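The values are calculated or read from the model by the stated rules, or taken from the named source; none is laboratory data. Not measured: the values here are computed from a predicted model. Cβ: placed from backbone, ideal geometry, glycine included. Neighbour counts: every protein chain shown. Quick note on the areas: whole protein, heavy atoms, side chains included, nothing else; ligands and nucleic acids left out. Shrake-Rupley method; radii C 1.70, N 1.55, O 1.52, S 1.80 Å.
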Amino acid sequence: MQAFHSPTLKPSPLDPFRTRNRSPFLVGAASKSRRRVCVVAASAASTVGAPKREKDPKKRVVITGMGLVSVFGSDVDAYYDRLLCGESGITLIDRFDASKFPTRFGGQIRGFCSEGYVNPKNDKRLDDCFRYCIVAGKKALEDAGFRGDQLSKMNKARAGVLVGTGMGGLTVLSDGIQTLLERGHRKITPFFVPYSITNMGSALLAIDIGFMGPIYSISTACATSNYCFYTAANHIRRGQADLMLAGGSEAGIIPIGMGGLAACGALSKRNHDPKTASRPWDIDRDGFVAGEGAGVLVMESLEHAMKRGAPIIGEYLGGAINCDAYHISDPRGDGLCVSSCILSCLEDAGVSPEEVNYINAHATSTIAGDLTEIKAIKKVFKNTSELKINATKSMIGHCLGAAGGLEAIATLKAIQRGWLHPSINQFNPDPSVDLDTVANIKQQHEVNVAISNSFGFGGHNSVVAFTAFKP
């Protein structure tokens, strides 16, 4: 993401082993370190060239359910239908008075209903971030066939929840601080801490459904959901769980959230035309558009899914995470760590670059971020003639910690249906982006292997790979 620059927050050098004032005693060590980096990269590339996919049904991870809360509602098929139509969900904000804010629009959710999913008494106290999490998680379980007494029949000690968030219960946090300043500490609700901390979405969902396996959250800004998928799959692969609910949730379209993002200089200011503001890869892009929601997958071992006769939507092949170690908000300009993360994901998945023919890109509509991702993609995929990339954020905005969850669902629906949603608002394509971005109109495309990219403030990179399930 492109954001603010500060003289006190300087990026680290692109080559940390080459500094002007390096001690002569470190020359040999630095040289060895540089050689080691090259050897590791070459080793990863050679491994990817001879892929071996997982065959053990205890370690193969399949997707059996999907649940979401989005600007297009809480039904997965309706969500993807509207994406295929190229509909923008970006509107002027009316949840609060944003008239004095530099950015006055976003992917604000309206008409959300938690009835039947969240306890009414608790519902009044909860931050939207956790309400979205609970509803998306329970809808994913329903989609996976867990209805009626099905949940009671499973071994809940081997089922976990790993739903993260970038900012947590931001409304509860903001309201609590305001109460402290205006009315004093005695008036702060006892739910202030538990309903603002980032792990509470996973915890509340686990309490409701009785899961007792690995229950926690990960917070890596906009890379959060993919980190959760990657880690949840590894719990299954290591035999620590049979089933995991994984994804992300976010609810930051409130004054402090929008004000903070505006202060970073990260947001588009196209207030006169909100629906065209999110325009990844367009030369006139001017920043990202904030969104909100939740996206959750049911991930389970193939063995467990087959035993219970689960509907299998697709297969998770592998993933990877790493860090730029460069700047708190700006990406490395050379795209090195992003390309290395993609390669590591392919290695983990047992997939060669030639097998990938669809990328759901991070593509936030920032000047620097969009081009860095394109550079990284070109480093990994030498022949891009059959490769399609698209940008879900062009229609729903950037949902931060939930972005990867909602985009994973879009990726899996593309695999299921054989249609890719368009990247809308491609009016004046950036000449350096010479890939098929599925500009403005949906495309029919049989997906072989898809990857979904997510990158976050702090330099967090994450990539996950999916494919259609084949026994």
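Here the condition is being more than 30 Å from I177 (Cα to Cα) and either within 13 Å of the chain's Cα centre (by Cα) or buried (at least 24 other Cβ atoms within 10 Å of the Cβ) (or both); of A251, A221, A241, it holds for A241 alone.
Listed here are the residues, each with its yes/no results for (1) at pLDDT 95 or above; (2) assigned to a helix (DSSP H, G or I); (3) open to solvent by 80 Å² or more (accessible area, probe 1.4 Å); (4) closer than 30 Å to R308 by Cα.
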site: R35; (1), (2), (3), (4): no, yes, yes, no
site: V48; (1), (2), (3), (4): no, yes, no, no
site: D56; (1), (2), (3), (4): no, no, no, yes
site: E87; (1), (2), (3), (4): yes, no, no, no
site: P102; (1), (2), (3), (4): yes, no, no, no
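Has the stretch 435-453 got at least one residue that is buried (at least 24 other Cβ atoms within 10 Å of the Cβ), under 22 Å from S249 (Cα atoms) and in contact with a His (Cβ under 8 Å, 6 or more places away or on another chain)? Yes: one or more hits.
Tally time: how many residues in the stretch 420-434 are surrounded by fewer than 17 Cβ atoms within 10 Å (Cβ to Cβ) and either in contact with a Gly (Cβ under 9 Å, 6 or more places away or on another chain) or not charged (D, E, K, R) (or both)?
Narrowing the stretch 420-434 to residues surrounded by fewer than 17 Cβ atoms within 10 Å (Cβ to Cβ): 427-429, 431-432, 434.
After this cut, where a residue has to be either in contact with a Gly (Cβ under 9 Å, 6 or more places away or on another chain) or not charged (D, E, K, R) (or both) as well, the list is 427-429, 431-432.
So the answer is 5.
Can you tell me which residue in the stretch 166-201 is farthest from E303 (Cα to Cα), limited to those that are of a type in the set (S, T, Y) and in contact with an Asp or Glu (Cβ under 6 Å, 6 or more places away or on another chain)? The selected residue is T171.
Results for (1) free of Cβ contacts under 8 Å to residues at least 40 places away in the same chain; (2) under 18 Å from the mean Cα position of the chain (by Cα), shown as yes or no for each residue.
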| position | (1), (2) |
| --- | --- |
| P422 | no, no |
| I441 | no, no |
| I451 | no, yes |
| F457 | no, yes |
| V463 | no, yes |
| F466 | no, yes |
| P471 | yes, no |
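In the set (1) under 30 Å from T91 (Cβ atoms); (2) open to solvent by 20 Å² or more (accessible area, probe 1.4 Å), N234 fails one condition alone, (1).
Pairs linking a residue in the stretch 205-222 that is in contact (Cβ under 8 Å) with a residue 60 or more places away in the chain to a residue that is open to solvent by 30 Å² or more (accessible area, probe 1.4 Å) and hydroxyl-bearing (S, T, Y), with Cβ atoms under 9 Å and 6 or more positions apart or on different chains, are D208/Y117; S219/T198. Counting only strands (runs of 3 or more DSSP E) wholly contained in the stretch 274-390, the ones carrying 1 or more residues that are under 23 Å from D436 (Cα atoms) and open to solvent by less than 10 Å² (accessible area, probe 1.4 Å) occupy 356-360, 388-390.
Considering only residues in the stretch 168-190 that are part of a helix (DSSP H, G or I) and surrounded by 15 or more Cβ atoms within 10 Å (Cβ to Cβ), the one that is farthest from the chain's Cα centre (by Cα) turns out to be T179. Quickly run through the stretch 254-273 and pick out the residues that are at pLDDT 95 or above and open to solvent by less than 10 Å² (accessible area, probe 1.4 Å). Selection gives G257, M258, L267, S268. Applying the set (1) hydrophobic (A, V, I, L, M, F, W, C); (2) open to solvent by 20 Å² or more (accessible area, probe 1.4 Å); (3) in contact (Cβ under 8 Å) with a residue 60 or more places away in the chain to A408 leaves exactly one unmet item: (2).
Taking the residues in the stretch 460-471 that are surrounded by fewer than 24 Cβ atoms within 10 Å (Cβ to Cβ) and not hydroxyl-bearing (S, T, Y) as candidates, determine which candidate is nearest to G401 (Cα to Cα).
Within the stretch 460-471, the subset surrounded by fewer than 24 Cβ atoms within 10 Å (Cβ to Cβ) is 460, 467-471.
Checking which are not hydroxyl-bearing (S, T, Y) leaves us with 460, 468-471.
On the way: H460: 12, A468: 25, F469: 27, K470: 30, P471: 32 Å.
Selected residue: H460.
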